[in-house]
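Peer 1: Pasting a structure here, questions to come.
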Amino acid sequence: MEPIQEEQTPVWMCSNEGCSCWMRENFALEETPACPLCQSEMVKNTKMLPALVNYHKSY
């Protein structure tokens, strides 16, 4: 099996310490999303994730 290629990926992470929600920046439905689980503010960050392409940017 071929190893999955990972890359440093921009993400939105929940600012609430008790919430572990995050989403890829290019899959967010809003330009500055609120956390879908707890409605807290989300902040930009990065994570090492498998490479994916989203061809349907919604905003």
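The values are calculated or read from the model by the stated rules, or taken from the named source; none is laboratory data. Everything numeric in this text was worked out from a predicted model, so none of it was measured. Virtual Cβ from ideal backbone geometry, glycine too; neighbours counted across all protein chains shown. Note: accessible area is taken over every heavy atom of the protein model, side chains too, but ligands, DNA and RNA are not part of it. Shrake-Rupley method; radii C 1.70, N 1.55, O 1.52, S 1.80 Å.
Peer 1: So which GluC sites (Glu not before Pro) in the stretch 14-59 end up in coil per DSSP with only 16 or fewer other C-beta atoms within 10 Å? Each step should come with its number before you reach the end.
Peer 2: Details: sites: Glu17, Glu25, Glu30, Glu31, Glu41; in loops: Glu17, Glu30, Glu31.
Passing sites in the stretch 14-59 are Glu17, Glu30, Glu31.
Peer 1: Name the long-range amide H neighbours of Cys21: under 5 Å, sequence gap of 5 or more, or other chain; modelled H, no Pro or chain starts.
Peer 2: When sequence neighbours closer than 5 places are left aside, the close amide H contacts are Cys14.
Peer 1: Moving to a separate point now. Over the chain, what is the relative contact order in percent, taking alpha-carbon pairs closer than 8 angstrom and at least six residues apart?
Peer 2: Result for the chain is 43 percent.
Peer 1: Still on this model: Under 5 Å between amide hydrogens, which residues at least 5 positions from Lys47 or on another chain qualify, with H placed 1.01 Å from N in the peptide plane?
Peer 2: Residues meeting the criterion, in which the H sits 1.01 Å from N, are Thr9, Val11.
Peer 1: Let me ask another. Quick one: what are the phi-derived ³J(HN,Hα) couplings along the stretch 18-32, Karplus 6.51/-1.76/1.60 with θ = phi - 60°, whole Hz, x for glycine and proline?
Peer 2: x, 10, 9, 5, 8, 8, 5, 4, 7, 10, 5, 8, 10, 5, 10
Peer 1: Give me the percent of the accessible area of the chain that comes from carbon and sulfur atoms, probe 1.4 Å, all protein chains in place.
Peer 2: Carbon plus sulfur share of accessible area: 53 percent.
Peer 1: Continuing with this model, one more query. Across all directions of projection, what mean area in square nanometres is found for the Cα convex hull of the chain?
Peer 2: Taking the Cα atoms of the chain, their convex hull projects to 4.9 nm² on average.
Peer 1: Moving to a separate point now. Using a probe radius of 1.4 Å on heavy atoms only, what accessible surface per residue do you get for the chain? Whole Å² is fine. Provide the component values of the computation, followed by the final result.
Peer 2: On the way: 4690 Å² over 59 residues.
Counting only protein heavy atoms, the per-residue value for the chain is 80 Å².
Peer 1: Where nothing but the Cβ of Lys and Arg (+1) and of Asp and Glu (-1) is charged, how large is the charge dipole of the chain around its Cα centre, in debye to the nearest 20?
Peer 2: Using only the charged Cβ atoms, the result is roughly 60 debye.
Peer 1: Return the long-range amide H neighbours of Ser40 (sequence gap of 5 or more, or a different chain), with a cut-off of under 5 Å between placed amide H atoms.
Peer 2: Amide H neighbours of Ser40: Cys35.
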